[in-house]
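The values are calculated or read from the model by the stated rules, or taken from the named source; none is laboratory data. Every value quoted in this text rests on a predicted model; they were computed, and no experiment measured them. Note that each Cβ is placed from the backbone with ideal geometry, even for glycine, and that neighbours are counted across all protein chains shown.
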Amino acid sequence: MGSALVRRLEKEGYSNLILRRHSELDLERQSEVENFFEKEHPEYVFLAAAKVGGIHANNAYPADFIYRNLTIQNNIIHLAWKTNVKRLIFLGSSCIYPRDCPQPMKEEYLLTGPLEGTNEPYAVAKIAGIKMCQSYNRQYGTRYLAVMPTNLYGPNDNFDLEESHVLAALIRKFHLAILFAGGKRDEIIKDESIFGPIKDDFKKSLQAKLQVKVWGTGKPYREFLHVDDLSDACLFLMKLEEIAFASLVTKNKVPLVNIGFGKEITIRDLSVLIKDAVGFEGSVIFDPSRPDGTLRKLLDISRIRALGWEPGISLSEGIRKTYKFYLAETNKCEGYGG
């Protein structure tokens, strides 16, 4: 998301962008964040930094997800206030809404029921970020807005098979299945060097049959938004006229706006779209022993639509673009031989 925002801002002609890599600024260290804000005094902040992952990662590393996200957002939101940042946009996640939330999910459904257990620590951290924005607006009159995007995908996604979200994971799985079927050992080694390790059990499953296994039953519905659409929405909100922006961040209102595509698809149908885009001709097997997660997660985006914003990248187009990026990344890497 961060790289998508930079692309969007540069396209609009913004040149005074204050950017740091993790090696240059550790957002979990309060002293480093304090020094950064006091030195740079940014006027507008997009808070996109976070520890994120799919169902497996959320289940396996709950302490990492709650601690790291709380620490990052606490440091940035507090220092934004101390250094008089004009506006801040905090990026959350649709998992903040209750597990059995009515569909589509409206902003006012926040904290109306239990959360989905597989990603509760991450959701709790994001809810805390929303409430922190609300609290600073209420006490100090700040202009902090939380936006809740649906499931994201696109260039620079995480394609690690253990920690990625479903769309990126399926792109890589189908691509690897083609490589294994063709016996392209050099390309498999190259792929592993770029996108992360391939477990032995996955290699064996691909060597045995031309098939890809997908977690769960395939029945859950998900909504997907291309990161370029989200970056467009974030800039749209940040540039709102003062009266419109102020209406979203009033002292007694949860400063929350959903950002989604407005349509959902089953994981089973998603796998077909990705399979076709990648060109995989084998079979898809669903594993019901693995968790499905929440059965439906469709956002109500009527609030941002009423302000005049609409998404522009269809899911099929976005998948093709993401796979094109994936292939481009593999072509960058040279010098890996069998």
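Observations on the model:
- In the range 242-252, the residues that are out of contact with any Lys or Arg (no Cβ under 6 Å at 6 or more places or on another chain) and within 11 Å of C133 (Cβ to Cβ): L248
- A single entry from I304, I313 fulfils the requirement of being in contact (Cβ under 8 Å) with a residue 12 or more places away in the chain and assigned to a loop (DSSP other than H, G, I, E, B): I313.
- Residue selected from the range 231-255 under the condition outside any helix (DSSP H, G or I) and either among the polar types (S, T, N, Q) or under 17 Å from T142 (Cβ atoms) (or both), by the criterion nearest to the chain's Cα centre (by Cα): P255
- Of residues in the range 205-221 being free of Cβ contacts under 8 Å to residues at least 40 places away in the same chain and closer than 18 Å to K275 by Cβ, the one surrounded by the most Cβ atoms within 10 Å (Cβ to Cβ): L206
- Entry remark, the range 11-31: residues being more than 22 Å from T142 (Cβ to Cβ) and either buried (at least 19 other Cβ atoms within 10 Å of the Cβ) or of a type in the set (D, E, K, R) (or both) number 8 in total.
Rundown of residues vs (1) under 22 Å from M1 (Cα atoms); (2) of a type outside the set (S, T, N, Q), yes/no style:
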| residue | (1), (2) |
| --- | --- |
| V85 | yes, yes |
| T112 | no, no |
| E116 | no, yes |
| N119 | yes, no |
| A123 | yes, yes |
| K126 | yes, yes |
| S135 | no, no |
| R143 | yes, yes |
| L152 | yes, yes |
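- Among the conditions (1) of a type outside the set (D, E); (2) closer than 21 Å to A233 by Cα; (3) not in a loop (DSSP other than H, G, I, E, B), P155 misses just one, which is (3).
- Looking only at the range 170-186, residues that are within 23 Å of G154 (Cβ to Cβ), more than 24 Å from the chain's Cα centre (by Cα) and touching a residue at least 40 places away in the same chain (Cβ under 8 Å) come to 2 in all.
- Flag for D228 being modelled with pLDDT of 95 or more, more than 17 Å from the chain's Cα centre (by Cα), acidic (D, E) and surrounded by 17 or more Cβ atoms within 10 Å (Cβ to Cβ): no
- Helices (runs of 4 or more DSSP H) lying entirely in the range 19-104 (those with 3 or more residues that are among the acidic types (D, E) and over 26 Å from A233 (Cβ atoms)): 30-40
- Test: residue in the range 181-204 that is closer than 23 Å to T266 by Cβ, small (G, A, S) and either surrounded by 15 or more Cβ atoms within 10 Å (Cβ to Cβ) or in contact with a strand residue (DSSP E or B) (Cβ under 9 Å, 6 or more places away or on another chain) (or both): no
- Neighbours by Cβ (under 7 Å, 6+ apart or cross-chain): first from the range 5-34, in contact (Cβ under 8 Å) with a residue 60 or more places away in the chain; second surrounded by fewer than 13 Cβ atoms within 10 Å (Cβ to Cβ) and aliphatic (A, V, I, L, M): L9/L17
- Residues located in the range 282-299, provided they are part of a strand (DSSP E or B) and within 18 Å of V272 (Cβ to Cβ): S283, V284, I285, F286, D287
- For E281, the conditions (1) surrounded by fewer than 20 Cβ atoms within 10 Å (Cβ to Cβ); (2) modelled with pLDDT of 95 or more are fulfilled apart from (2).
- The residue that is surrounded by the fewest Cβ atoms within 10 Å (Cβ to Cβ), among those in the range 284-337 that are aliphatic (A, V, I, L, M), more than 19 Å from the chain's Cα centre (by Cα) and closer than 18 Å to W215 by Cα, is I285.
- Residue within the range 120-129 that is in a loop (DSSP other than H, G, I, E, B) and not aliphatic (A, V, I, L, M) present: no
To keep it simple, each residue is scored yes or no on (1) farther than 30 Å from I194 by Cβ; (2) at pLDDT 95 or above.
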| residue | (1), (2) |
| --- | --- |
| N84 | yes, yes |
| F90 | yes, yes |
| E116 | yes, no |
| N119 | no, no |
| Y140 | yes, yes |
| S164 | no, no |
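- The conditions of being without any contact (Cβ under 8 Å) to a residue 24 or more places away in the chain, over 21 Å from I96 (Cβ atoms) and either of a type outside the set (K, R) or part of a helix (DSSP H, G or I) (or both) are not met by D191.
- Matching residues in the range 194-221 - criterion: being assigned to a helix (DSSP H, G or I) and charged (D, E, K, R): D200, D201, K203, K204
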